[in-house]
Structure formats: structure tokens, C-alpha cells
2 protein chains.
Amino acid sequence: MHIDANDLPQQIVRALQQVCGQGPVALHEPRFSGQEWEYLKACLDSTFVSSVGKYVDRFEADLAAFTGAKHAIAVVNGTAALHVALLLAGVERDDEVLLPALTFAATANAVHYCGAIPHLVDSSEDSLGIDPQALRAWLGTTARREGGVCINTRTGRRIRALLPMHAFGHPCDIDGLLGVAHDFGLVLVEDAAESLGSWYQGRHTGTFGLLGTLSFNGNKTITTGGGGAILINDSALARRAKHLTTTAKLPHRWSYVHDEVGFNYRLPNINAALGCAQLEQLPGFLASKRHLFERYREAFSSIPQVRLVAEPQGCTSNYWLQTLLLDAGVEQRRDDVLDATNTAGMMTRPAWELMHRLAPYAACPTAPLPVAESLARRLINIPSSAGLA
Amino acid sequence: MHIDANDLPQQIVRALQQVCGQGPVALHEPRFSGQEWEYLKACLDSTFVSSVGKYVDRFEADLAAFTGAKHAIAVVNGTAALHVALLLAGVERDDEVLLPALTFAATANAVHYCGAIPHLVDSSEDSLGIDPQALRAWLGTTARREGGVCINTRTGRRIRALLPMHAFGHPCDIDGLLGVAHDFGLVLVEDAAESLGSWYQGRHTGTFGLLGTLSFNGNKTITTGGGGAILINDSALARRAKHLTTTAKLPHRWSYVHDEVGFNYRLPNINAALGCAQLEQLPGFLASKRHLFERYREAFSSIPQVRLVAEPQGCTSNYWLQTLLLDAGVEQRRDDVLDATNTAGMMTRPAWELMHRLAPYAACPTAPLPVAESLARRLINIPSSAGLA
């Protein structure tokens, strides 16, 4: 069937309406159809609404059980989780951290909070995450191992960590990245903010690196209002994470002695109460989001210039944000599609501006980014709420 | 009447029991006797539980109205508020910031987050806050003004800001501190984390400096679970505060362009819903806490070696934490008092460890601290919940 490229925006509007109805439809809305109300009331009645309370403990235990991580430490948001995870990974002032140019600003910001410098690398079209082959080739020309440490030969700075992000919930090529991290002496930290409920070869994202982080912002698969968590398998590191995410106070009956600079990042009990209720519904949300993917696949099958992104081989994706990729031949129509869909009340958005195009990161070390640049020109997120399925 | 010093701990236990009953009694508990449940339910039903929502807007407007600040920006906690306030005050890496040695660690930590160095100074026995006369004398020997900038002549670093903290809710000598800030070219930022509901000469604490900060942690006069706010009179600065406490994204129908490093510190709507309900009850809480002070004054009037700290002249204190000061002659009994009271189920605590005694701040520039040292040996906080009155 021939599609007139001039008609493409309206074709996409109609495909969205076929799945979502007439709208208006948000990009991603939370759904509170479980015990949210009961847990919030119980939390309020207990008067323990703040940083100590049974819902925080339970939420952490439930997250650990769900993800298979040995420990989960709940914090105020995913950015805070990433900040402390990087500190625990040994990232120091003036280190570099490798991360994808195609990510949300928080990934780079967390590196900046450590006084470190993002070093931006390319993505793969299969996973939308860091491409291990391209990364290996890039490091081969710009880095060397020196006494177990990876040095950027151009800047002279230590490259301490590799920070992949599982974009829109699709697991990136973790085996490939673990190989690069091993060969170049890098600590792997996973930004799994978008991938709660996503598995790579049967193991949950965020549990492969030394540390991984989750987000429960209002637009995520489950929400605590604002919230995040650090996933850790090492128990000593988990104790350090609890210490640093509080005020680093030493336990004592009454004394106030803090042996380090803490960050006061603990998730309040009332937000954790919401999280416990949300987590109970996660399997249902994931099933709904997978069903929504099937419905979109059907609806978009008649538009050959558009590909709906599917989970990578060997992976189970949470399908957090459903993603269209325009063919390169029609990529110049992207803004028309964004305009037509948003005007029709179907909320859509393009990829994040690539990190090296943002003022604070314009001067960062940057690998060639042919794939990320192409993806950024062609990518459109479409309405993805579990409630749409 | 003669009191045997050996009996002092039990005298104090009996005075506490006279006011609080047999216990156990917490140091400070929140009270949810207003519209908390209704607002939480309305927030949940709206599905706007995260960083956008009408309760955040309303909480900010209500805080501004209550304090008289032109703008209030709600954030995840008081530490985050202080971090951004200091950045907006122009505090940069390797600057120094003057703050009391007698404070909670968060005051110093926020300075550290900016890459700056706490410079610790002495307190006054009247207000428990920074002593302006001692500060002026200290700066006279260690600082000089050079082209409008204050330089520490010993370290060579710029001293950028003066950061007083209103300890336990008692306003410090703001006029005196404003005079020192003016004469030495320092920006005044107020840590009013403990003093919501405290006024200095009829004006609310936190509104005298270029910026001021509040906390709504679970142990504060009102709570949002975890939360804080920045108070600002300058509208351009308030816009910058909103920008930096989010992800610094430029407004656009769909694009994700961030022109600065943001901090993702915005208070979730669900926490703000709690805050709106709590703020409605604040006048009642303040009346109760003042009444509790009167009851303690009566109960402790028969123990001459103990003074109950009263609001400074010309000030109205929120009496956040009621505070006993032991006479110097019996200060060696402090730990016995702490032990006896806590053993009796009356939760009490000493002053925070002075900042220069904490490992992360042991090497910081430090003025002579005769008063802070004395206060730290003699000070005991006693149960202070509004519900005790």
C-alpha cells in the first residue's frame, strides 16, 4: 500500500485514535486502583509519615523481592539514587563517567553533582541504549588502562564508571557492556529509572552493575509521588548507601555524631505507603502495557514508514514509553507529526535533546554519535499509560 | 530551697512527668487533626500526586501568605532548600560560608554540596544563634574587604555568605547580623528550618536575608512527610529557584531542552497536600507550644540549677524544641540527666555535636567558640509536641 508522506501526520493521528479513542490522552498517567487509599490512611493514622516507618522498610523489601536485588534503598527520587550510587561507585571530582548522549538530563546531572564530567557515547538502534561495539572502538582510540585505572588519553582524566540507561524500559546490551567495563577497568552502574519490570535474559535490569537505580516519578510505571531506589547486591555497600542517604548519623541513644557528609535523601514513609500499593499492581500494569504494545503494533502495521520499537532479543521490556521510529526518508516530517498529534489531543514527544547539545554539557568529551543523532531525529514517544490497554 | 545536685536528674524527671504525664513521651510528634485525610484523598483521586499539581501551588501560596515572603518555593526537604538557596546566593566551589558551630549537620552539609567550606563561628547565650558582636570581632582579625568581596586573610578564600540558623525556633539577632553582613560584603541567607512561626520584631524569620529556608520534616512544627521551602522576596530570583529546583527545562510544547544543571528537588503534590492541611492548623500548634512553655516554666521554677530557654527580647518564638540549660556548676550531670529522663521514657537529647567536632568539618576555619562550647555542655531538649499542651 502506498502512503503519501504528506499524509503521514494524519495517518499517525488515526492510528493513535484507533487505540486510544478520541482523547485527550496523556503521555503517561498513573493508576491508583489498589490499596493506595488504605495504606495512606494507615500511614497517617500511625503518625509515622516521615523518614522512619514500616512502609519504607516494606517497600524496600518488596522492591528487593521483585527485582531480585539483595538490597533496595528507597530515596526521594531517581536523580538522588543515581547521585549516591555514583559516589558509592567511587566517582570523584574531575573523574569522567561514560553515559549515552541519548538520555534524560538527570543521568548527566547526577555525574555533575559528584563534581565529575559526563563523557558521552553513542547508542544502538536495537536497544536504544549504549552500543558496546561502538564504545569499545571509541575507548580503543581514546583511553588506556594504567594500573587497573582507565585514563582518557585526550583529557588525562580518570574514566571511573560506565553508566548505561535502559531507554524507555528497553534493556540495553548488558553482556556487551559488562565486557567493555571488565576490559577497560570501569565500574558499571545502571540507570534503570525507566526499566522497573524489564528483564535482560531473565534477570532484572539494575541488578547487573555494582549498583543500579530506579525512579518512581509520577510519569513512571509505578509512582510514589516522587521517589527512587538504589539496587545493590553487596551488603556492606548497602549499609553505606543507607548511611549516605540519611544524615550519616552514628547510632546512639541521644548523641548527634555524623561521621560523613550525608545527603538527607530518604523517601518519606507516606510516599513509600503509596509505593507499596503501586508495587502490588505492577504485574497487572506490565501485562496492560504489553497488551497496549500489541494493539499499537496492529494499528501501525499499515504505515510502512513507521516502526514501533519492540523489546530487544532475549529481553522482556516493561514498555514504559511506547516509541515510534520514523524511517530516515520521512524524518523531516517529525515536527509535523508532533504538531498534528498534540493538536489532536494525543500527547507525544520527541527524544530528549542529546546531552552534548545542552549548554551545561556542550564541552564534555563526546564520541561520534551517528546512531544517537539519527534516533534523535526520528524518535517519537506516544501515549503509554497502562490504563489505555 | 536547696537542691542536692545528686538528685538533679530525678528532679528533672519529675518536672517532665508533671507536665507530660507518665509517658513514654516522644521528643516531637506530628499531629494530624485537620483536613489531612481529605486533601490526600482528593490528591490521589486527581491522579496528580507528583511534581505538578494544585496542592504544590496552594502550599507555596499559603506559605508566602503566612510568612509574608513574596515567594515560597516548595522542595523535597530543608537541606535541598538550603543547597539551592546557597547556589542562588552566589556560593561557588572553594568559597567559605560563615555558619554557627552549634547547628544541625544539614547547615554545613548544604555548604559542602556547593563545593564550599563551612567557616564556623560562635553563638550567643541569649538567642542560641550566631553572636554578631563576636562575629564582627572575629572577622576584624581574619577578614578584609577587597573590591566589595570579603576575603579570609588566613586561607585566601572568598567568604561569600553568612548563614545563621534560628536554633530550636528562637530567632537570632538578625539586626546585628545584617549589620555585619553589610559591613563585610556578605550575602545573608537564613536557615529557618526550625523557625516556621517565629518572628523577629514582627517580621517572620527567613524573610530578612536574600533567601531563607524552611523544613517540614516529620519532627518539625508542621510536616509534609519530608519537605522544605525557599523563601524569596526577589521575583527574578524566585523564578531561578523554580528553574533550579526542577530539571531546568525550558518551557516548550514538546522539546526537552535544559539550559542549566537542575536538581529535581520539587516537592511532590501528595506531600504538599499534607502541608496544606498542616499549615491550616499552625496557629493552633503555635498556641499549644507556647502554652507548653508556660507549663514547663512553672514545673521547672523549683529547680534553680536549670533554666528553661525563653524567646529573645522583641521576638516571638515557635518554641519548636523546648530547651533546658543547666547551670555551669552542674553541667557535669548532663549525661546523668539524659540517662535518667530517657530511661524514664521521657525522650530528651543534648545539643548537636558542634560542627568542628565532626570528622568532615574538623579542618574547617573555626572562630573561638567559648559560648557554643559551654552551651553544648549544658543544653538539653525536652519533649515538645503541640499535643502535650
*What order, most packed first, do the peptides B:11-21, B:221-231, B:116-126 have when packing is the mean number of other Cβ atoms within 10 Å of each residue?*
B:221-231, B:116-126, B:11-21
*Amide N proximity, region B:94-134 versus B:GLN201 label position 7 Å along Cα-to-Cβ, cut-off under 16 Å*: B:132-133
*Place a +1 charge on the Cβ of each Lys and Arg in region A:1-157 and a -1 charge on the Cβ of each Asp and Glu, then give the dipole magnitude about the Cα centre in debye, rounded to the nearest 20.*
360 debye
*Only Cα pairs under 8 Å and at least 6 apart count here; give the relative contact order of chain A as a rounded whole percent.*
26 percent
*asked:* Full-extension gain between A:GLU280 and A:ARG145, please, as 0.36 nm times their residue separation minus the C-alpha to C-alpha distance.
replied: 44.1 nm
*Note down the magnitude of the dipole of the protein assembly as shown about its Cα centre, charges +1 on Lys and Arg C-beta and -1 on Asp and Glu C-beta and zero elsewhere, to the nearest 20 debye.*
80 debye
*May I ask you to derive the relative contact order of region B:61-182, considering only C-alpha pairs under 8 Å and at least 6 residues apart, and to give it as an integer percent?*
25 percent
*Which entries in A:LYS41/A:LYS220; A:LYS249/B:LYS220; B:LYS220/B:LYS249; B:LYS242/B:LYS289; A:LYS54/B:LYS249; A:LYS70/A:LYS220 show an alpha-carbon gap greater than 29 Å?*
B:LYS220/B:LYS249; B:LYS242/B:LYS289; A:LYS54/B:LYS249
*Would you mind giving the mean number of other chain beta-carbons within 10 Å of the Cβ of each residue in A:26-34, as a whole number?*
2
*Position A:ASP45, label points 7 Å along Cα→Cβ, spacing to each other copy in nm (shortest first, one decimal)*: 2.0
*Provide an ascending nm list, one decimal, of label-point separations from A:ARG377 to the equivalent residue in each further copy; define each label point as 7 Å from Cα along Cα→Cβ.*
7.4
_For region A:277-342 and region B:1-65, distance of Cα centres in Å_ = 47 Å
_Less than 18 Å from a label point 7 Å out along the Cα-to-Cβ axis of B:ARG357: which backbone N atoms in region B:59-102 qualify, by residue?_
B:100-102
_Run the helix sum for chain B: -39,500 (n - 2.57) per DSSP H stretch of 4+ residues, divided by residue count, reported at 222 nm to the nearest 500 deg cm²/dmol._
-11500 deg cm²/dmol
*For region A:189-208 and region B:114-171, what is the separation of their C-alpha centers, rounded to whole Å?*
48 Å
*Once Lys and Arg get +1 and Asp and Glu get -1 on their Cβ, which of A:VAL121, A:ALA193, A:HIS170 lies farthest toward the positive end of the dipole of region A:81-198?*
A:VAL121
*For labels at B:GLN313 and B:THR155 in the simple 7 Å Cα→Cβ model, what's the distance in nm?*
3.4 nm
*What does the charge add up to near A:GLY226, with Lys and Arg as +1, Asp and Glu as -1, over the other residues with Cβ less than 15 Å from its Cβ?*
+3
*Each label point is 7 Å from the Cα along the Cα-to-Cβ direction; what then is the distance between the points at B:VAL52 and A:ASP94, in nm?*
4.2 nm
*asked:* As an exercise, identify the GluC sites (Glu not before Pro) in region A:254-297 lying in DSSP coil whose Cβ has no more than 14 other Cβ atoms within 10 Å.
replied: none
*Label-to-label distance, nm, for residues given as A:HIS182 and B:GLN133 (7 Å Cα→Cβ offset)*: 7.0 nm
*Once you sort the root eigenvalues of the Cα gyration tensor of region B:330-389 as a ≥ b ≥ c, which label holds: rounded (a/c under 1.5), prolate (a/b larger than b/c) or oblate (the other case)?*
prolate
_Dipole-positive endmost among A:ILE230, A:VAL306, A:GLY156 within chain A (Cβ charges, Cα centre)_ = A:ILE230
*According to the Cα gyration tensor, what semi-axes, each the square root of 5 times an eigenvalue, does the equivalent ellipsoid of the protein assembly as shown have, listed from largest to smallest in whole Å?*
49, 29, 24
*Return the FRET efficiency for the residue pair B:LYS70, A:PHE66: r is the Cβ-Cβ distance, R0 is 56 Å, and the value is rounded to the nearest 0.05.*
0.80
*Is the shape of chain B best called rounded, prolate or oblate, per the rule: a/c under 1.5 gives rounded, else a/b larger than b/c gives prolate, else oblate, with a ≥ b ≥ c the square roots of the Cα gyration tensor eigenvalues?*
oblate
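Only the coordinates and a few stated rules stand behind these numbers; no lab work does. Since we're looking at a predicted model, the values are computed, not measured. Heads up, the Cβs are rebuilt from the backbone with ideal geometry, glycines too, and the neighbour counts pull from every protein chain shown.
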